[in-house]
Structures are given as C-alpha cells and as structure tokens.
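Data block below; observations after.
Laboratory data are not the source of any read-out in this text; all were calculated from the coordinates shown. Computed from a prediction, not measured in an experiment: that's the story for all the values here. No Cβ is skipped: glycine too gets one built from the backbone with ideal geometry, and neighbour counts run over all protein chains shown.
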Amino acid sequence: MDTISREQQKLNSELHKSDQYGNRSSAAGLASNLPRALDRMHEYGLCNRFLDYGTGKGKLLEYLKQNIKHPIQLEGYDPAVETFCQKPSEKFDIVTCLDVLEHIELDTIDNVLTEIRDYTRYFCYLVIDLQPAVKTLSDGRNAHILLAPPNWWQNKISQLFTSYSTFPIYHGSGDIQKIAIIASNDPKCLKLMHGFITKLNVFELSLVGGVLEKRRRILKKQ
C-alpha cells in the first residue's frame, strides 16, 4: 500500500533539511499538554505504546521523553526522515498525526488514513492545517499540497472510524486555521477519549503567524 510517491518523499526530505521545518516540539501549542494527557491515559490502562505518525525530526518525541512520568513506549514514523523511515509493524494504543495530512498527496491520502487506522488500537488524535503554508517545495508548489474544507476531512474519517469528534482551531485573526479530530473504533474508550482532549486543553487556543498573520497585517494597513 503506497502512502507516498518517490518524488514527494524526495521533496519532503529536502524540506526537512531546513532547521525551520518539522522541528516544533509542541506542534504550535497543540501538544503542549500531551505529556499530561498520555500519563493520564496510562493511569487508566489505555496507553502503554504511543506513535507519532509523521514525526518529522522527532522533536515531539524528545519533548514527551523529557516530560512523561510513566513508562510509555514512544515511537515515531516519517518516511521523509531517515531516522524515522522504518515503518512500524505493530499497533499502538494512541496515535497522533499533527500537521501532516495536508502534506499528503491526494492519490495516497486514503492509504495514509487507512494506515493510521490500522496502527490505532484505542484512538488517534489528528490535526490538519486548512490554510496554505508559508514554505514552498523545490518544484514551486505550496508545501501544503492537500487543502480541503473540514467536512471533506470529516467524511474521510467517518469512512474509517465508527466514532469521532472534531473541532476547529482558530487563528488570532478569527479565521479557522486547523481542524482537530479524535477518532476511535473502540466504543469502550469513548469517555476516556474525550477526557484526553480535555487534558490537552486546546479548545481556546489562538494561533499566530503564517499566511493568516500576513493577511491580518495587510488588512490593518488598509
């Protein structure tokens, strides 16, 4: 099952050579409280193994290792980064995929989402950017090659998971910057799944920077 073309893998590998790409440890604040959330899930017997899908340079994994209190096995996967290009072969209790899916080719997005589902034992936490990126690929395209509205992503998730919740993440300009989705195929963990989101405490997060920040500055000058 192909999840990325050789050309796209090469283009993303080139971007990862930059210190300013794929290196945010807390995913712009969306994972600042992830250590606390994972620790709580471990206490409930729901998280012994964790996967960060599309982990980039692995900065989130480093952040988790420094802040998690319980013995949770942490792994990362990213086909465009040599350190993390080895594809896992087992399931993980909780899977995250943060600011990754907008970088996936339309031809392979279904395969990627299916792979995430297959890796997920209890639930997965996805964050998808809805706005163009500041960075461009070396072929001239915007780095966010798959921009789609929230209902498009919700439809994709509904075809793979029996239960999911979704909510918007706003930019300081008032526009929706990202969509967050938590999804599961295990009805027994739904209550804890929503407790996980509560622990993350991202409902009122207001993002800054990016193309929306540039638009806001332009509007202020007008």
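General observations
- Given 16 as the ceiling on other Cβ atoms within 10 Å, longest exposed-site-free region of the chain for chymotrypsin sites (Phe, Trp or Tyr not before Pro) in DSSP loops: 45-202
- Proximal aspartates and glutamates relative to LYS65, as straight alpha-carbon distance under 15 Å, when same-chain residues fewer than 8 apart are discounted: ASP39, ASP52, GLU75
- In range of the label at ASP139: residues from segment 1-20 whose backbone nitrogen is under 12 Å from the point 7 Å along Cα→Cβ: 5-12
- Given LYS156/LYS178; LYS17/LYS178; LYS17/LYS57, the pairs whose alpha carbons are separated by over 21 Å: LYS17/LYS178
- Here's the list of lysines a cross-link from LYS199 could span, going by alpha-carbon distance under 17 Å and ignoring same-chain residues fewer than 8 apart: LYS69, LYS191.
- Each of LEU38, TYR53, ILE94 was scored by the projection of its Cα onto the charge dipole of the chain, and the greatest displacement toward the positive side belongs to LEU38; charges sit on the C-beta of Lys, Arg, Asp and Glu.
- Note on ILE176 and GLU90: their simple-model spin labels are 3.8 nm apart, each label 7 Å out from Cα toward Cβ.
- Overall dimensions of segment 147-219 by Cα: Rg and Dmax, Å: 14.8, 49
- Placing one equal scatterer on every Cα of segment 61-101 and applying the Debye formula, the log10 ratio I(q)/I(0) at q = 0.34 Å⁻¹ is -1.27.
- With at most 14 other Cβ atoms within 10 Å, longest stretch of the chain clear of loop GluC sites (Glu not before Pro) (DSSP): 91-203
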